[in-house]
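The values are calculated or read from the model by the stated rules, or taken from the named source; none is laboratory data. Computed from a prediction, not measured in an experiment: that's the story for all the values here. Here the Cβ positions follow ideal geometry from the backbone for every residue, glycine too, while neighbour counts run over all protein chains shown.
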Amino acid sequence: MINSEKPLMLVLSSPSGAGKTTLTKKIQQSDNSFKASVSHTTRKARANEVDGVDYHFVSKERFQKLIEEKAFYEHAKIFDNYYGTSKLSIKKIIDNKQNVLFDIDWQGAEQLTRHKELNLLKIYILPPSAEELEKRLLTRNQDDKEAIKRRLSSYSKDILHSKNYDYVLVNDKVENCFKEIKKIISNHLKKKN
Ligand code: 5GP
């Protein structure tokens, strides 16, 4: 943890395809005090994804059971799938004296905001435009046409929630956006100390 008693809970949210995954990786690579929490999801793994690394891929039944057991810190239904952060995954990071990096949607961010005791910093990442987002979703070739259409149609509704974040950044050039995030983190930590 960087000069702070409480671990920093850094939340990055964005419409899918705005470059958040790349930014999450860059933050962890540049500063090993940050560790991304590995979420649970009922979504099927994509070709390049590894169970336990990118997500814990579980069935809907297992996810439901975990909800009943109150195993989640926060969870949400996004399109047809469930996503959630388990309390255990956060505990492991905190016990290791690291800061937590969340790649979660606005619903999850809202749930975390209710925990007033957290040292929370929320950043919303926007793509430069809806057209650019469509281009990125098409070129990364991870989703079928139907999924891309759904992601784009939820885009305008999703970004309305950006007003509930501490900062909103446009990811035009990933390197610039990354520098902005570093600056925001550093200022936040200075304020807290
Ligand atoms: P994808 O299916 O593209 O990996 O992720 C879809 C959306 O789910 C992204 O906006 C991502 O931030 C969000 N997401 C991933 N894990 C979680 C989680 O544990 N909780 C919540 N609320 N959202 C998540």
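Before moving on, here are some points about what is shown:
- Filtered by the rule that a residue be within 9 Å of the ligand (Cβ to nearest atom), surrounded by fewer than 18 Cβ atoms within 10 Å (Cβ to Cβ) and not polar (S, T, N, Q), the range 79-90 gives a lone residue, PHE79.
- Whether a residue is farther than 30 Å from THR139 by Cα and either among the small types (Gly, Ala, Ser) or free of Cβ contacts under 8 Å to residues at least 60 places away in the same chain (or both) was assessed, and GLU49 does not pass this test.
- Out of LYS70, LYS97, LYS25, one residue alone is of a type in the set (Lys, Arg) and not in a loop (DSSP other than H, G, I, E, B). It is LYS25.
- The numbered conditions (1) touching a residue at least 12 places away in the same chain (Cβ under 8 Å); (2) more than 9 Å from the ligand (Cβ to nearest atom) are all true for GLU69 except (1).
- Pairs linking a residue in the range 72-88 that is aliphatic (A, V, I, L, M) to a residue that is within 6 Å of the ligand (Cβ to nearest atom), with Cβ atoms under 7 Å and 6 or more positions apart or on different chains, are ALA76/TYR83; ALA76/ASP105; ALA76/GLN107; ALA76/GLY108; ILE78/ASP105.
- Every residue from the range 54-67 that is closer than 22 Å to ALA109 by Cβ and either part of a strand (DSSP E or B) or of a type in the set (Ser, Thr, Tyr) (or both): TYR55, HIS56
- Matching residues, the range 44-66, being near the ligand (Cβ under 8 Å from one of its atoms) and at pLDDT 95 or above: TYR55
- Search result, residues across the range 19-30 that are farther than 20 Å from PRO128 by Cβ and touching a residue at least 40 places away in the same chain (Cβ under 8 Å): ILE27, GLN28, SER30
- Of the residues making up the range 124-161, not one is in contact (Cβ under 8 Å) with a residue 60 or more places away in the chain, more than 25 Å from GLU110 (Cα to Cα) and of a type in the set (Val, Ile, Thr).
- Test result for SER156, under 17 Å from GLY19 (Cβ atoms), more than 10 Å from the ligand (Cβ to nearest atom) and either of a type in the set (Gly, Ala, Ser) or in a loop (DSSP other than H, G, I, E, B) (or both): no
- Apart from one condition, ASN96 fits all of (1) touching a residue at least 40 places away in the same chain (Cβ under 8 Å); (2) within 13 Å of the ligand (Cβ to nearest atom); (3) among the polar types (S, T, N, Q); (4) out of contact with any Leu (no Cβ under 7 Å at 6 or more places or on another chain); the exception is (2).
- Test: residue in the range 109-118 that is among the basic types (Lys, Arg), at positive phi, out of contact with any strand residue (DSSP E or B) (no Cβ under 6 Å at 6 or more places or on another chain) and part of a loop (DSSP other than H, G, I, E, B): no
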